[in-house]
Each structure stands twice: as structure tokens, then as C-alpha cells.
1. Just to be sure before I move on: is Val190 under 25 Å from Glu49 (Cβ atoms) and assigned to a loop (DSSP other than H, G, I, E, B) in the structure I sent?
2. Of all residues being touching a Gly at 6+ places or on another chain (Cβ under 9 Å) and surrounded by fewer than 21 Cβ atoms within 10 Å (Cβ to Cβ) in region 100-119, which is farthest from Thr182 (Cα to Cα)? Just the residue, please.
3. Where residues in region 156-203 are of a type in the set (D, E, K, R) and farther than 15 Å from Ile56 by Cα, which of them is farthest from the chain's Cα centre (by Cα)?
4. Is it true that Gln15 is at pLDDT 85 or above, of a type outside the set (Asp, Glu) and assigned to a helix (DSSP H, G or I)?
5. Would you please name the residue that is modelled with the lowest pLDDT, looking only at residues in region 135-149 that are surrounded by 11 or more Cβ atoms within 10 Å (Cβ to Cβ) and hydrophobic (A, V, I, L, M, F, W, C)?
6. So, Ser191, is that one small (Gly, Ala, Ser) and exposed (fewer than 14 other Cβ atoms within 10 Å of the Cβ) or not?
7. With the requirement that a residue be over 13 Å from Leu216 (Cβ atoms) and more than 18 Å from the chain's Cα centre (by Cα), what does region 89-126 give you?
Amino acid sequence: MGEVLSQSEIDSLLQALSTGELDVEEIKDKDEKHVKNYDFARPAKFSKEHLRTLEIVFENYGRLLTTNLPVYLRKAVQVEVMSSEAVTYQEFTNALSNPVLLSIVSVAPLPGTIIIEMAENIGYAIVDRMLGGVGNPLDKTREFSEIELLILERILYTCVNLLREPWSNVCEIHPKLDRIETNSQYAQIVSPTEMIALVTLNIKIGDVEGLMNICLPYLTLESVMDRLNAKFWYSNLQEKDETVYADTIESLISRVQIPIKAVLGNSSISVDDFINLQVGDIIRLDREVDSDLNVYVGNIKKFTALPGATGNNYAVRITSVIREEQ
């Protein structure tokens, strides 16, 4: 029970208040607690700092996609992070189109699974590009065929494996593509009311542009939530050895197909002679039989060589390398 004031003490307080000697704010209860509204339907499990750190992680992931996807698609790819937000899983599934391209990914040792959702126009463009087309999406949306899903699985497998490096500063994960779903009803990885972090990437393949959404349930990230802050993330940045990047770039370049041609010589003839050419006719070239040939890599003269044969095939033997300074 609080202390009871006498009449004289009450009169003294009133006089002090009237003269301004005592401020009302000074005598307020400093232990007063303020009530804050809380929405139990949308619990605040992800702070702004958590979402910002996830953006940093997936900015790194976007750079890896930009570097690696052109190896398979042979076309320029641009990826950037658009937004990150905390929503319920039901809100995420309600916004999905039909058909949809969902990759169900396990991220051991973290519990549960995550979802990578790719826009269907990007999926059709990838299939068209992998089959030798220019990479255009379909004019009319339809379901993906089994063959198309098998083709997409190779690209999605690569996208999933690239998750390992961006997450290395938070925790070591071993991502694995469990399955691909085209119907959101078969991808209920958490309850509809469960909170998720939704990171949206914008992908541009040539002239085709679409979104990729990464759904990260709170139940999956709960054990590493304390690491999803900028201070922890930057303090655990590992210095990358430049030789690792050099080896990776060299490995990617070594698989690139380039045309090589050896020029026997040049000659100029009239159109009339060209029209009347017959089997057995001889065309005089501007080179002697024992002189070196020029060998071109692409359109750059890179070697000199002598003509010959190996088995039943024509061949050339490199005699010198033409350096840039030459």
C-alpha cells in the first residue's frame, strides 16, 4: 500500500505545482508500462534487420546466378534483388499463378524445406534456349510437359547448388533439390498461418524478364535467427583467395567452344572461270607447298602450321605461336 500524505503535505504539493516549482512530469510513475498492439494472426517474427541481412545474402546469390547461368543458356543473364518481406505462407500460395514452377529444396542441417518459385515465362524461355531456340516464352501459357521439367531440372539443380556459398557466412548448408511441383497444393511445406520471409529476385534472360521468389519459413531459420544480423554477417565474412576465383574462371573458359581454321591460301579468279570449274581443275594459290599456313582462332591469327594428315583425317602441325606483341 502506498504512503498516505498528511493534509499539510498535500497543501505543500499543490502550492509547489501552482508556483511552478514542481513539474507534473517529474512526479509521474517512471515505471509505467506502455501497451503495444500485437497481431496474433501475423506475429512479428522477422525484424527489418533480419530481412535486410537476407537481402544481402541473396544479392550475393544473384551475382552467382548472373555468372553461372550464361554457361548453360549462352545468353546474358541479369539478376537483382527486388524486395524482402514477412508474410504468412497462405498469402504466398494465394499469389501463385497456374501453372507454377516450384522447387522444393532441403537445406540440411536446417530443419524443414524452402521453396524457390520461378515465373513460368522464365521457365519456358530456359527450355526454348536449352533446345536451341532464341529463348522466347510461349504466347499462351500451358502446363509443363515431363520432358520440359527434366530440362528445367538441370538448371534448377545448378541454381540450388549455388545457395551454398552465399549462406556460408550464416551457416554451412547442404542444399538439395527434392522435387519440382507445378501445383501449389502439393507444396504445403508449413501450415498456412506460419510466417515466412519472402525474398523476390528479378531475372532477365536476354529480353525475357520475370521474378524468382524464395520462400524461407521461420521454422527453418529459427535456429540461426541470431546470426541474421548485419554485424554477425560482416564479422564472419571470409577473405576469398583470388586464386580460387581465377581457377573457377579458367575452368569456365576452358569449356567454351571456339572455331579454329587453317587457311591454305588465297586466290582470285573470274566469275566465268568459277562457273565453269570441273572436277580435276587446279586453282593456283598464293602460297608455296612447303610454306607455313596461318591458323586462326575465331578471327585472330594465332599460330602458323604445316599441313599433313593423321590417320584418315587432314591435320596441321603447329610450328609457331603468334604473340600479341607480334
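1. Numbers: under 25 Å from Glu49 (Cβ atoms): yes; assigned to a loop (DSSP other than H, G, I, E, B): yes.
When the stated conditions are applied, Val190 passes them.
2. Kept after step one, since they are touching a Gly at 6+ places or on another chain (Cβ under 9 Å), are these residues of region 100-119: 101, 106, 118-119.
Checking which are surrounded by fewer than 21 Cβ atoms within 10 Å (Cβ to Cβ) leaves us with 106, 119.
Numbers: Ser106: 18, Ala119: 11 Å.
Looking at residues that are touching a Gly at 6+ places or on another chain (Cβ under 9 Å) and surrounded by fewer than 21 Cβ atoms within 10 Å (Cβ to Cβ), I get Ser106.
3. Step one: filter region 156-203 for residues of a type in the set (D, E, K, R), giving 164-165, 172, 176, 178-179, 181, 194.
Right, trim to farther than 15 Å from Ile56 by Cα and you get 172, 176, 178-179, 181, 194.
Numbers: Glu172: 18, Lys176: 16, Asp178: 19, Arg179: 19, Glu181: 20, Glu194: 26 Å.
Applying the filter and picking the extreme gives Glu194.
4. Details: at pLDDT 85 or above: no; of a type outside the set (Asp, Glu): yes; assigned to a helix (DSSP H, G or I): yes.
Criteria not met by Gln15.
5. Going through the qualifying residues, I end up with Leu138.
6. yes
7. The answer is Gln90, Glu91, Thr93, Asn94, Ala95, Leu96, Ser97, Asn98, Pro99, Val100, Ala108, Pro109.
Per-residue answers, yes or no, for (1) farther than 30 Å from Leu69 by Cα; (2) assigned by TED's automatic domain parsing to the domain that holds Leu69; (3) assigned to a helix (DSSP H, G or I); (4) within 42 Å of the chain's Cα centre (by Cα):
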site	(1), (2), (3), (4)
Ala246	no, no, yes, yes
Ser251	no, no, yes, yes
Ile269	yes, no, no, no
Asp273	yes, no, yes, no
Arg287	yes, no, no, no
Ser291	yes, no, no, no
Phe303	yes, no, no, yes
Val316	yes, no, no, no
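The values are calculated or read from the model by the stated rules, or taken from the named source; none is laboratory data. No experiment lies behind these values; they were computed from the predicted model shown. A quick note on method: Cβ atoms are made from the backbone with ideal geometry, for glycine too, and the neighbour counts reach across all protein chains shown.
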